[in-house]
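Participant: I have a structure I would like to understand better, so I am pasting it below and will then ask my questions one at a time.
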Amino acid sequence: MAEKITIGELHLSGCTGCLVTLADNYEGLFKLLDDYADLVYALTLVDVRHVPEMDVCLVEGSCCLDDKLSVEELKEARAKSKVLVAYGGCAAYGNITRFCRGGQWNQPGHASYVPISEVVDVDLFLPSCPPCPQAIRNVAVMAYLLLKGDDEQKKLATAYLTPLMQLAQRGNEACGCDLMYDVINQGLCIGCGTCAGTCPVRAITMEYGRPNINRDLCIKCGACYAQCPRSWFNFDVMNNYESIMNVIKGAME
Amino acid sequence: MDVLGNYKSVISARSTDRDILKKAQDGGIITTLFAYALEEGIIDGAVVAGPSDEPWRPKPMVVSTKAELLAAAGTRYTISPNISLIKEATRSYGLDRVGIVGTPCQIQAIRKAQLYPIGMRDVDDKIALALGIFCMENLSYQALEAIVEDHCNQKMESVKKMDIGKGKFTVYTERGAVSQMPLKLIHKYVQPGCNVCLDYVANLADISSGSVGSPDGWSTVFVRSMKGNAVWDGAIEAGLFETKPMDQVKPGLDMVKKLSTDKITKNQKNVDARKTAGLRADGTPKGLRNPYESP
Ligand SMILES: Cc1cc2nc3c(=O)[nH]c(=O)nc-3n(C[C@H](O)[C@H](O)[C@H](O)COP(=O)(O)OP(=O)(O)OC[C@H]3O[C@@H](n4cnc5c(N)ncnc54)[C@H](O)[C@@H]3O)c2cc1C
Ligand code: SF4
Ligand code: SF4
Ligand code: SF4
C-alpha cells in the first residue's frame, strides 16, 4: 500500500450532518482511514486546534462573513490544502443558510452567510443535504488514486472528478428551479424522475412526466440538478460503470 | 462504444409462460426475468410502470408479486418516471435488492446514481437487476392522447394494445378495430430530450430487450453485465425461455444495428447543432448547453 493522503474537515456554518455522513460509511470509514487517508483535522474526531497542511480539505457549511474567524480559517484552509472541496449543499450553495437573516441564538449578530466560493477558490463541489455517504467515499477513493495512484489510476480519477470540478465552476446558486432553467427550458428533460427521487426534502413531484418543484419547500441544496442525468452525463466514465464500481468495491474490501 | 454497447451475448427469445405472453408487449422478457428474480430471491421487489387512474398513463410502482408484475406488463408509450422510486424502494420499502426496468436514458440515470450517488443514499449496491427496454423516442401523455384520439380516432380507454413497428404506430381496440398512423408524423410529438439521446438499446443495462430484430412475438435480448449474465443463465436453465440464435432469425441483428446507427447519427447531429444554435453580437455562434460536455 502506497502512503496515505491527508484529509481534513473544516467546519463552518453547517449542522454537522456532512461530518456525520462521512462516519455513516461505518466500516468503510475505518477502511478509508486504515489504508488511504489520515484524518488530520475534524471537529470532535481529531484533537488538532489549528488548520494544518492537508491534501484534501472538505469544507462543511457556508461562511459567515460576520465571523472573522470563519473567514480567516477558510482562507487558511485554502492556502494549506491541495484540493478544496465544498462538501455539502451549505458550502457549495449556501443551502438552508441562504434563508438566514440574523437574529438567531446564540449569535444574533451573525447575518451574512455565503457559499464558500464567495471567499475562496473551490476545486470541487459535492452537493446535497447531506451528500450521501457513498458519494464522499467515492470521492475520497478517487482523490487517493489521483494523488497516489499510477498513471492509469490518475487518468480514471481525473475523468471521474472532472464533472464535480466543472460543477464548482458553474456557479454557487442552486435551486430546484435549475431543473427548469438548465434542463427543461433547454429541451433536455427526459422525465426519468431522478430529481424527484433525489430531493432530500421531497420538494419535487413528477407531474405528467416533468418535475414540479414546490419552491417554498426547496432548501437550495443542489442535489437534484447534480443528480439529473441531463445536467451532465460523461460517457467516458459511465460506459465503464461496471469496472469502476468494482475498483471502488475492491478498494473497500 | 459500439452503437449496440458492450454485451456478452445477443439472443432471440420468448417466454415459455403463457400468462405472461398474454399480457406482455413482445416476448415477455422483462416480466419473466423479474418473476424469476423474485422467485429466486435475486430481487426483493421491482420498480415497474404500473397502472394509474388514467388509461395508458403509467405510474411508477414498487411490486413484489407476479400478479403485480402482470398488471404492469406491456408498453405504455409515454413517460413513466421510474427512477423517482429507487431511493424510496431501498429506504421506505426497505428493499435490499432492487430490480428496475427503464428506457435507455433511465438506465443511464441509474448508473449515474450508482457512480455519483450525490443525493441517492444507500442506493448504489442495492440495484440488483437493471433491465433496459429499447427506445427510439418517448411521448408526453398529452402527445400520446393526441396520437390515439386525434390521429387514430380511438378513445384511450378503449385501446387494448399500442405498438410501434414497420414504420407505423398501431392501436388495437378492445372491440377489434385497428388504427394506424405513419411513424413519420409522430416526430413533432416526441419529447425534446429524446432528440439528443445517444442510446437505443440500453447499453448500460444488465440485460436489455426490444422487439426489433426478432420475429413478431419474439424479443431481441442483449446480455450485458456479469450480473445480467448470471440471471440470464439461471433463467435459461430453469426453462423460462425458448431461444433462437440471432443469426437464424429475421430481420436479425443487422436491423437492430441499422436503427441504432440511424438514431445515434441523427441525434449526434442534433447535439452538434446546439453548439451553433444562436448568434453573438460579434457574429460568432452562441451555443445551447451540452450535457455530454459539462453540467
Ligand atoms: C417509449 C418506448 C419506446 C420503445 N421503442 C422501442 C423501439 O423503438 N424498438 C423496440 O424494439 N422496442 C421499443 N420499446 C420496447 C418494447 O415496446 C417493449 O417494452 C420491450 O420489447 C419489452 O417487451 P417485453 O414483452 O419483454 O416486456 P413486458 O413483459 O411486456 O414488460 C415491459 C416492462 O416495461 C415496463 N414499461 C412499460 N412502459 C414503460 C415506460 N413507458 N417506461 C418505463 N417502463 C415501462 C412495464 O412496467 C413492464 O415491466 C419501447 C418501449 C417504450 C416504453
Ligand atoms: S428541489 Fe430539492 S434537491 Fe433540488 S435544490 Fe431544492 S431541496 Fe435540493
Ligand atoms: S432528473 Fe430526469 S426528470 Fe428530473 S429534470 Fe433531469 S431529466 Fe428531467
Ligand atoms: S429516446 Fe432516449 S431520451 Fe427519449 S425516452 Fe427513449 S431512451 Fe429516453
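Participant: Applying a 10 Å radius around every beta-carbon, put A:20-27, B:100-107 in order of their mean neighbour count, most first. Mind showing how you got there, number by number?
Facilitator: Numbers: A:20-27: 15.8, B:100-107: 27.9.
By packing density, highest mean first, the sequence is B:100-107, A:20-27.
Participant: Could you order B:Ile186, B:Ile264 so the one with the most accessible surface comes first? Probe is 1.4 Å. The partial results should precede the final answer.
Facilitator: Values: B:Ile186 5, B:Ile264 35 Å².
Ranking B:Ile186, B:Ile264 by accessible area, largest first, yields B:Ile264, B:Ile186.
Participant: With every protein chain in place, what's the accessible area of B:His151 (1.4 Å probe, Å², nearest 10)?
Facilitator: Around 80 Å² of this residue is reachable by solvent.
Participant: Looking only at other chains, what is the average number of their beta-carbon atoms within 10 angstrom of each beta-carbon in A:130-136? Each step should come with its number before you reach the end.
Facilitator: Values: counts 2, 4, 11, 4, 12, 8, 2.
Mean shielding count: 6.
Participant: Here is a follow-up. Give the span of the protein assembly as shown's Cα atoms along each principal axis, as three whole-Å numbers ordered largest to smallest.
Facilitator: Principal-axis extents of the Cα atoms in the protein assembly as shown, largest first: 77, 53, 46 Å.
Participant: Compute the distance in nm between two label points, each set 7 Å from the Cα along the Cα-to-Cβ direction, one at B:Val178 and one at B:Ala146.
Facilitator: Roughly 2.7 nm, to one decimal.
Participant: Separate question: Please list 3J(HN,Hα) in residue order for the range B:245-251, calculated via the Karplus relation 6.51 cos²θ - 1.76 cosθ + 1.60 where θ = phi - 60°; whole Hz, with x for glycine and proline.
Facilitator: Here the 3J(HN,Hα) series is x, 4, 7, 10, 10, 10, x Hz.
Participant: Next question. How many nm separate the modelled label positions at B:Arg280 and A:Asp47, each set 7 Å beyond the Cα in the direction of the Cβ?
Facilitator: Those two pseudo-labels are separated by 5.8 nm.
Participant: Another question, then. State the Cα centre-to-centre distance between the range B:86-141 and the range A:215-253 in whole Å.
Facilitator: Spelled out, the Cα-based centre of one part sits 12 Å from the other.
Participant: Let me ask another. Considering every Cα-Cα pair within the range B:201-295, what fraction, in whole percent, is farther apart than 15 Å?
Facilitator: On the way: 3237 of 4465 pairs.
Of the Cα pairs, 72 percent sit more than 15 Å apart.
Participant: Going from the alpha-carbon gyration tensor of the range A:177-227, what semi-axes, largest first and in whole Å, does one get by taking the root of 5 times each eigenvalue? Please list the in-between numbers first.
Facilitator: Numbers: eigenvalues 48, 26, 20 Å².
Result for the range A:177-227: semi-axes of 16, 11, 10 Å.
Participant: Can you give the FRET efficiency for B:Ser294 and A:Thr158, using 1/(1 + (r/R0)^6), R0 = 22 Å, r = Cβ-Cβ distance, to the nearest 0.05?
Facilitator: Using R0 = 22 Å, I get an efficiency of 0.95.
Participant: Protein chains only, probe 1.4 Å: how do B:Leu95, A:Leu147 rank by accessible area, largest first? Provide the component values of the computation, followed by the final result.
Facilitator: Details: B:Leu95 20, A:Leu147 55 Å².
Largest accessible area first, the list is A:Leu147, B:Leu95.
Participant: Quick one: net charge around B:Gln25, please, counting Lys, Arg +1 and Asp, Glu -1 for every other residue with C-beta under 10 Å from its C-beta.
Facilitator: Values: positive: B:Lys23, B:Arg76, B:Lys161; negative: B:Asp26, B:Asp163.
Once positives and negatives cancel, what remains is +1.
Participant: By how many nm would the segment from A:Thr16 to A:Asn212 lengthen if fully extended, with 0.36 nm per residue of separation less the alpha-carbon distance?
Facilitator: Working: separation 196, 0.36 × 196 = 70.56 nm, distance 2.98 nm.
Length difference between fully extended and current span is 67.6 nm.
Participant: Please go through the range A:93-125 and write out the chymotrypsin sites (Phe, Trp or Tyr not before Pro) that DSSP classes as loop and that have at most 14 other C-beta atoms within 10 Å. Write out the running numbers ahead of the final one.
Facilitator: Details: sites: A:Tyr93, A:Phe99, A:Trp105, A:Tyr113, A:Phe125; in loops: A:Trp105.
When the chymotrypsin sites (Phe, Trp or Tyr not before Pro) of the range A:93-125 are filtered for loop state and at most 14 Cβ neighbours within 10 Å, A:Trp105 remain.
Participant: Dividing the Cα convex hull volume of the range A:1-155 by residue count, how many Å³ per residue is that? Can you show the working numbers first?
Facilitator: Numbers: hull volume 16.7 nm³, N = 155.
Here the figure is 107 Å³ per residue.
Participant: Longer than 28 Å from Cα to Cα, which of B:Lys66/B:Lys266; A:Lys75/A:Lys148; B:Lys155/B:Lys184; B:Lys87/B:Lys263; A:Lys82/B:Lys126 are they? Say none if no pair is. Walk me through the intermediate numbers first.
Facilitator: Details: B:Lys66/B:Lys266 39 Å; A:Lys75/A:Lys148 26 Å; B:Lys155/B:Lys184 22 Å; B:Lys87/B:Lys263 31 Å; A:Lys82/B:Lys126 34 Å.
With Cα atoms farther than 28 Å apart: B:Lys66/B:Lys266; B:Lys87/B:Lys263; A:Lys82/B:Lys126.
Participant: I've got another one for you. Take A:Thr198, A:Thr162, A:Thr44 and sort them by solvent-accessible surface of the protein heavy atoms, 1.4 Å probe, largest at the top.
Facilitator: Numbers: A:Thr198 0, A:Thr162 50, A:Thr44 130 Å².
The ordering from most to least exposed comes out as A:Thr44, A:Thr162, A:Thr198.
Participant: How many Cβ atoms of partner chains, on average, are near each residue of A:180-186 if near means within 10 Å of its Cβ? Before the final figure, lay out each step's value.
Facilitator: Details: counts 0, 1, 3, 3, 2, 2, 8.
Shielding by partners across A:180-186 averages 3.
Participant: If you take each beta carbon of peptide B:56-63 and count the beta carbons of other chains within 10 angstrom, what is the mean? Present the calculation step by step, with values, prior to reporting the outcome.
Facilitator: On the way: counts 0, 2, 1, 1, 4, 0, 0, 0.
Across B:56-63, the average partner-chain Cβ count within 10 Å equals 1.
Participant: Another question, then. So what's the net charge close to B:Gly193: Lys and Arg +1, Asp and Glu -1, counting the other residues with Cβ under 13 Å from its Cβ?
Facilitator: Numbers: positive: A:Arg210, A:Arg230, B:Arg274, B:Arg289; negative: A:Asp182, B:Glu137, B:Asp199.
It works out to a net charge of +1.
Participant: I've got another one for you. What's the ranking of B:119-131, B:198-210, B:57-69 by average number of surrounding C-beta atoms within 10 Å, highest first? Spell out each step's value before the answer.
Facilitator: Values: B:119-131: 22.7, B:198-210: 27.2, B:57-69: 18.7.
So the order, starting with the most tightly packed, is B:198-210, B:119-131, B:57-69.
Participant: May I ask for the net charge around B:Glu40, where only other residues with Cβ less than 14 Å from the Cβ of B:Glu40 are counted and Lys, Arg are +1 while Asp, Glu are -1?
Facilitator: Working: positive: B:Lys66, B:Arg97, B:Lys227; negative: B:Glu39, B:Asp44, B:Asp233, B:Glu237.
Cβ neighbours under 14 Å give a net charge of -1.
The values are calculated or read from the model by the stated rules, or taken from the named source; none is laboratory data. Predicted model only: the values in this text are computed from it and were never measured. Reconstructed Cβ throughout: ideal geometry from the backbone, glycine too, with neighbour counts over all protein chains shown. The protein model used for the area step is the full one, side chains on, heavy atoms only, and it has no ligands, DNA or RNA in it. Shrake-Rupley method; radii C 1.70, N 1.55, O 1.52, S 1.80 Å.
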